[in-house]
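This report refers to the structure that appears directly beneath it.
The values are calculated or read from the model by the stated rules, or taken from the named source; none is laboratory data. Please read these numbers as outputs of a predicted model, since none were measured by experiment. Here Cβ is always computed from backbone atoms with ideal geometry, including for glycine, and neighbour counts include all displayed protein chains.
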Amino acid sequence: MSTTFLIISRTGLIGKTIHNMFSKRGPQLKILIGTRQKDMIPNHIQIDVNNLETFESLKKHSINVMIVCTKDANNHVLNYAVKHKIDHIDITKPSNKSITIN
């Protein structure tokens with residue numbers, strides 16, 4: 001079974017590093033890239049973590065894991081992942097603050 005990862009904000013140092021590491025793991029991993037910009041790179045999804053309307057584009061894909069490499073101040077990505085039963089890793093959340101899931 002193939003696993004599909006969505007890396008949100010692959011354009012920064014951390015996102016690029018995660019993308020490069022996963023890309024080397026093998027062809028069975030499908031890696032999607034989520035950014036705010038319209039982009040022509042392969043496997044790109046336009047998504048803005050501050051705009052819930054852009055999350056509609058995620059429904060076209062069978063995403064298993066979301067890796068967030070950008071500030072999701074309103075927990076939109078977290079709430080979407082919980083609602084759709086998608087594994088979620090946010091590497092930007094401070095560990096000293098509590099998180100409320102809607």
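Things worth noting here:
- Selection from the stretch 64-84 of residues that are surrounded by fewer than 17 Cβ atoms within 10 Å (Cβ to Cβ), farther than 16 Å from THR3 by Cβ and not β-branched (Val, Ile, Thr): LYS71, ALA73, ASN74, LYS83
Matching residues to (1) within 17 Å of ILE91 (Cβ to Cβ); (2) touching a residue at least 40 places away in the same chain (Cβ under 8 Å); (3) among the acidic types (Asp, Glu); (4) not in a loop (DSSP other than H, G, I, E, B):
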{"position": "PRO27", "(1), (2), (3), (4)": "no, no, no, no"}
{"position": "LYS30", "(1), (2), (3), (4)": "no, no, no, yes"}
{"position": "LYS38", "(1), (2), (3), (4)": "no, no, no, no"}
{"position": "ILE45", "(1), (2), (3), (4)": "no, no, no, yes"}
{"position": "THR54", "(1), (2), (3), (4)": "no, no, no, yes"}
{"position": "LYS71", "(1), (2), (3), (4)": "yes, no, no, no"}
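- In the stretch 1-25, the residues that are closer than 16 Å to ILE91 by Cβ, hydroxyl-bearing (Ser, Thr, Tyr) and surrounded by 14 or more Cβ atoms within 10 Å (Cβ to Cβ): SER9, THR11
The rows are residues; the columns are (1) of a type in the set (A, V, I, L, M, F, W, C); (2) under 16 Å from LYS71 (Cα atoms); (3) modelled with pLDDT of 85 or more; (4) touching an Asp or Glu at 6+ places or on another chain (Cβ under 7 Å).
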residue	(1), (2), (3), (4)
MET1	yes, no, no, no
PHE5	yes, no, yes, no
ILE8	yes, yes, yes, no
GLY12	no, yes, no, no
THR17	no, no, yes, no
GLN28	no, no, no, no
ARG36	no, yes, yes, yes
ASN43	no, no, yes, no
VAL49	yes, yes, yes, yes
